[in-house]
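Here's the structure we're looking at; comments come further down.
Read the figures in this text as sums done on the coordinates, not as results from a lab. Here the structure is a predicted model, which means the values were calculated and not measured. Cβ placement follows ideal geometry from the backbone for every residue including glycine, while neighbour counts extend to all protein chains displayed.
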Amino acid sequence: MVMKHRRRVRIILDEVEDVRPSALLYMAAVIMTSRAAGGSKAVDGTYPRSRKVELLLQDAGFFRLLGVRHRVESPIRRFPLDWIPHLCGNKSEGARVEELERKIFGNTTSLAPAASSSIYVGVTEAMTNVTQHAYPIDENINPPWLRHRWWLTGHVNRLRQELLVIICDLGIGIPKTLSQKFSMAQIREWLSFLPSIDPRDADLIRAATILGETRTGKPNRGKGLKQMKGVIDQVGGGSLHVLSSYGDFTYSFPGRESIANLPEPLIGTLIEWRLPLSGLLSHDLGEPR
Amino acid sequence: MKKSIISVAQQFSRFPAGRVRTDGDFSGERFREEFIVPALVDQGRVSIELDGAAGYGSSFLEEAFGGLVRHNKFTEHELRERLTLVSKDQTLEHEIWSYIHDESERLGRK
């Protein structure tokens, strides 16, 4: 609305009773981009009536990222979720990944070194995927501020004993990226599709997660999703859920894949990466701090 | 022939990430151009210590090492003679040599 019709938008959150972390991150991305295009006053909103939702928006760092005033004093940690506060960047920034690991696991809980390295690699490769592929150099990116831009959040859920990392961008999406970089014949080969079958967007996302397992005859590029999938196998649990354009792809341990088509396209890509703490920690998290 | 030792974590960054310079400050392209290539040119033999960094993504490794074949015209044979990789993680060494090998095969430059 802001970008197409140059109109101001107010987001009414009054009636919201719950919100998925990935939806929250995506909303933050859209609001920031709309403001970059239409000015800081292009989008505003109301506080949710629900205290639970307001605290969630606050704890997740949604308000802070958007420069919205906090109304409620809140502890940084609230059982069962320890949040990775919403982050936004336009580079592959390794130091921030270690910083977020420290923030959510603290100094008293030690990640197994291999797990720490796997999280680092998974997240930095996801960032690199965005900077490399999401906003092609020959595409007109509007607003220009958006180029290479990613958003990240997540949390440790002590009840479910799980780490969730969410990363999104507002680029051209995996299906379009893949179709531009590789021939349909190559993509069909990765997917073991017959020549007459046209892959859907979800199939193209699946192809992106197996890219690099076969010899492509091209420089090795875009292996971020494959590496994230590999960590799931390595730690023996978790899932990778990717939404992009009309595609909806999920990989979950052990080796289960499911695909679906979305009724409306999602601009860009949204990735949810879940890993079990049992596979990541050198000892259990124990009682809430 | 002299030998140069490069510790990624101590001399470059504990946080290597990204393929090219526009991806970030500690990209594979920057490591290759500012550290590996000058050392190979000046010293002839280079030992690269990989331990101590937070981790290595495939984009960083492929650009840093596969890029030696692609951009700097080294052959796999030359690199096997002159480049030593040091790490407790042998899969990392294997991964790096696979990038060098794949790029050599692709370009027919063995």
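Shielding by partners for A:85-94, please: the mean number of other protein chain Cβ atoms within 10 Å of each residue's Cβ.
Average per residue, whole number: 5.
Please report, for the Cα atoms of the range A:12-75, the Rg to one decimal and the Dmax as a whole number; what are they, in angstrom?
In order Rg, Dmax, the Cα atoms of the range A:12-75 give 11.5, 34 Å.
P(r) tail for the range A:50-181, what percent of Cα pairs lie past 22 Å?
It works out to 45 percent of all Cα pairs.
Can you pull the three principal axis extents for the Cα set of the protein assembly as shown, in Å, largest first?
Reported extents, whole Å, longest axis first: 72, 54, 42.
How big is D for the range A:104-196, in µm² s⁻¹ as a whole number, if Stokes-Einstein is applied with the Kirkwood radius of its Cα pairs at 37 °C and 0.692 mPa s?
203 µm²/s
Quick one: if you stick a label point 7 Å off each Cα along the C-beta vector at A:Gln180 and B:Lys88, how many nm between them?
Roughly 4.2 nm, to one decimal.
Among the listed pairs A:Lys226/B:Lys110; A:Lys181/A:Lys226; A:Lys103/A:Lys176; A:Lys223/B:Lys88, which have their C-alpha atoms separated by more than 25 angstrom in this model?
A:Lys226/B:Lys110; A:Lys103/A:Lys176
If you average the alpha carbon positions of the range A:55-75 and of the range B:18-85, how far apart do those two centres end up, in angstrom?
Comparing the Cα centres of the range A:55-75 and the range B:18-85, I get a distance of 43 Å.
Looking at the range B:44-86, which trypsin sites (Lys or Arg not before Pro) are in a loop (DSSP not H, G, I, E or B) and have at most 10 other Cβ atoms within 10 Å?
Values: sites: B:Arg45, B:Arg70, B:Lys73, B:Arg80, B:Arg82; in loops: B:Lys73.
Sites meeting the loop and neighbour criteria: B:Lys73.
Dividing the Cα radius of gyration by the Kirkwood radius, what Rg/Rh value follows for the range B:1-99?
Taking Rg over the Kirkwood Rh, I get 0.92.
Any idea what the dipole of chain A comes to, in debye rounded to 20, about its Cα centre with Lys/Arg Cβ at +1 and Asp/Glu Cβ at -1?
In debye, rounded to 20, chain A gives about 780.
In bins 5 Å wide, starting from 0, what share of all Cα pairs of the range A:7-119 does each bin hold, as a percent?
Per 5 Å bin, starting at 0, the Cα pair percentages come out as 2, 10, 18, 21, 18, 13, 10, 5, 2, 0, 0.
At R0 = 51 Å, how high is the FRET efficiency between B:Ser4 and A:Glu257 if r is their beta carbon distance? Nearest 0.05 is fine.
0.65
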